[in-house]
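Right, one structure below, let's go through it.
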Amino acid sequence: MALEYAVPSAGRNVFLDNQRDPEAILAQFQRLVRIARSEGHAIGIGHPYPETSQVLRQVIERLPELGVRLVSAALEPGPVTASRGVTLLADTTLDEVMEREFDLIVLPGGLPGADHLDRDPRIHELLRRQQQGGRYAAAICAAPKVLAGSGLLRGRRATRHRLSRAA
């Protein structure tokens, strides 16, 4: 659909967990890394299966060896409970990273989390600076509403989860 309307888009390079076997998922992740090294980028898609989570926990610990530094930031200090009941503890808070530049900012999906992000002016400021610097931002599930609320989608089309309301 995006191509029909000449909207810039990207497609999945690797489906991580079409087989719910940790060894197969790891092999797909390694394939994703090879593509990223060769092409300069790659998109992998997976599900919140226990097997996928297990493998991702293992590979995330090894990302620094590949030259990747992940920084997770929460709106406020303390644990965050995601929409599916998973409890997460971020590396830092948004206030602590507001002045930093990132190659990529990824907004997590889920409700009401995307609503909380969309109501926070710091997120909008960070996303606008990201765009002004020519750097990337991505949004999962319901989070494209945050990109819209930041003005990043003006004149563009985007998809979002059917239950989220666009700004």
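The values are calculated or read from the model by the stated rules, or taken from the named source; none is laboratory data. These numbers come from a predicted model, not from an experiment. Cβ coordinates were reconstructed from backbone atoms using ideal geometry, including for glycine residues, and neighbour counts include every protein chain displayed.
Restricting to the stretch 90-134, and then to whatever is surrounded by fewer than 13 Cβ atoms within 10 Å (Cβ to Cβ) and in contact with a strand residue (DSSP E or B) (Cβ under 8 Å, 6 or more places away or on another chain), can you tell me which residue is nearest to G67 (Cα to Cα)?
Among residues in the stretch 90-134 that are surrounded by fewer than 13 Cβ atoms within 10 Å (Cβ to Cβ) and in contact with a strand residue (DSSP E or B) (Cβ under 8 Å, 6 or more places away or on another chain), the one nearest to G67 (Cα to Cα) is D103.
Tell me, yes or no, whether the stretch 137-153 has at least one residue that is β-branched (V, I, T) and at pLDDT 90 or above.
The first filter runs over the stretch 137-153 and keeps only residues β-branched (V, I, T), leaving 140, 146.
Now narrow it down to the ones that are at pLDDT 90 or above: 146.
Yes, the stretch 137-153 has at least one match.
For the structure I just gave you, tell me whether T87 is more than 28 Å from G40 (Cβ to Cβ), in contact with a strand residue (DSSP E or B) (Cβ under 9 Å, 6 or more places away or on another chain) and modelled with pLDDT under 90. Don't jump to the end; show me each part of the working.
Values: more than 28 Å from G40 (Cβ to Cβ): yes; in contact with a strand residue (DSSP E or B) (Cβ under 9 Å, 6 or more places away or on another chain): yes; modelled with pLDDT under 90: yes.
For T87, the condition - more than 28 Å from G40 (Cβ to Cβ), in contact with a strand residue (DSSP E or B) (Cβ under 9 Å, 6 or more places away or on another chain) and modelled with pLDDT under 90 - is met.
Looking only at the stretch 10-30, which residues are in a loop (DSSP other than H, G, I, E, B) and either in contact (Cβ under 8 Å) with a residue 12 or more places away in the chain or in contact with a Leu (Cβ under 7 Å, 6 or more places away or on another chain) (or both)?
Step one: filter the stretch 10-30 for residues in a loop (DSSP other than H, G, I, E, B), giving 10-13, 16-21.
Selection gives A10, G11, R12, N13, L16, D17, R20, D21.
Given the stretch 53-143, what helices (runs of 4 or more DSSP H) lie entirely inside it while holding 2 or more residues that are without any contact (Cβ under 8 Å) to a residue 12 or more places away in the chain? Show your work before the answer.
Details: elements: 94-97, 113-118, 121-132.
Fully inside the stretch 53-143 and qualifying: 121-132.
Quick check on R122: is it touching an Asp or Glu at 6+ places or on another chain (Cβ under 9 Å), at pLDDT below 90 and of a type in the set (D, E, K, R)?
no
Residue check, A82 against (1) among the aliphatic types (A, V, I, L, M); (2) surrounded by fewer than 13 Cβ atoms within 10 Å (Cβ to Cβ); (3) at pLDDT below 85, all met but one. Which one?
Here A82 meets the rest and fails (2).
Quick one: which residue in R129, R84, R69, R156 is over 27 Å from R12 (Cβ atoms) and among the charged types (D, E, K, R)?
Exactly one residue qualifies, and that residue is R129.
Within the stretch 1-56, count every residue that is more than 30 Å from G85 (Cα to Cα), among the hydrophobic types (A, V, I, L, M, F, W, C) and at pLDDT 90 or above.
The number of residues fulfilling the criteria is 1.
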